[in-house]
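To start, the structure under review is shown below, and the notes come after it.
The values are calculated or read from the model by the stated rules, or taken from the named source; none is laboratory data. Small disclaimer: the values here were computed from a predicted structure and weren't measured. All Cβ positions, even for glycine, are placed from backbone atoms using ideal geometry, and neighbour counts span all protein chains on display. The accessibility values were calculated without ligands, DNA or RNA, using every heavy atom of the protein model including side chains. Shrake-Rupley method; radii C 1.70, N 1.55, O 1.52, S 1.80 Å.
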Amino acid sequence: QVRMVESGGRLAQAGDSLRLSCAASGRTFSGGGVGWFRQTPGKEREFVAAFTWNTGNTYYADSVKGRFAISGDNGKNAVHLQMNSLKPEDTAVYYCAVRPPMSGSIYHSSTYFYWGQGTQVTVSS
């Protein structure tokens, strides 16, 4: 049983930085990964970034490359999303999720089995 809890979301201004955290409890998939997705009303849940535990590989959506950075912390059993140069279009509820290895495209939400409640990020212009 895996539980994911996101935190760190808040109101920010364009150009600001935020650091989101996802604390995981329970047994996660060995060699799997953790992803960050975001969703706004009326839109599909969108891939943001992902991290694989065994290789340390990172993956990013084109819209956040160069601005966001995902990282894992085995000591704290947590994953972080550092968001820099925030834009109003980054406004969304951000979710972290965990997936097993070799389960399909790391960019697709359907490959993730456990999801957190989400944390709201609002970026004003």
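If I ask for residues that are surrounded by 15 or more Cβ atoms within 10 Å (Cβ to Cβ) and either out of contact with any Lys or Arg (no Cβ under 8 Å at 6 or more places or on another chain) or touching a residue at least 60 places away in the same chain (Cβ under 8 Å) (or both), which ones from region 108-123 would you list? Explain how you work it out, then say what you get.
Of region 108-123, the ones surrounded by 15 or more Cβ atoms within 10 Å (Cβ to Cβ) are 109, 111-112, 114-116, 118-119, 121-123.
Scanning region 108-123 gives SER109, TYR112, TYR114, TRP115, GLY116, GLY118, THR119, VAL121, THR122, VAL123.
On the stretch given as region 41-70, residues that are of a type in the set (Val, Ile, Thr) and more than 18 Å from SER21 (Cα to Cα) total 1. Screening region 24-119 for strands (runs of 3 or more DSSP E) wholly inside it with 1 or more residues that are within 18 Å of VAL5 (Cα to Cα) and under 14 Å from the mean Cα position of the chain (by Cα) returns the ranges 33-39, 46-52, 68-73, 78-83, 92-99.
Scanning region 60-96 for residues that are small (Gly, Ala, Ser), more than 15 Å from GLY8 (Cβ to Cβ) and modelled with pLDDT under 95 yields GLY72, GLY75. Looking only at region 44-59, which residues are under 19 Å from GLY9 (Cα atoms) and either open to solvent by 60 Å² or more (accessible area, probe 1.4 Å) or among the aromatic types (Phe, Trp, Tyr) (or both)? Within region 44-59, ARG45, GLU46, PHE47 meet the criteria. Across region 12-22, the qualifying residues are those that are open to solvent by 50 Å² or more (accessible area, probe 1.4 Å) and part of a strand (DSSP E or B), and the one among them that is farthest from VAL123 (Cα to Cα) is ARG19.
For GLY9, the conditions (1) under 19 Å from GLN117 (Cα atoms); (2) part of a loop (DSSP other than H, G, I, E, B); (3) free of Cβ contacts under 8 Å to residues at least 60 places away in the same chain all hold with the exception of (3).
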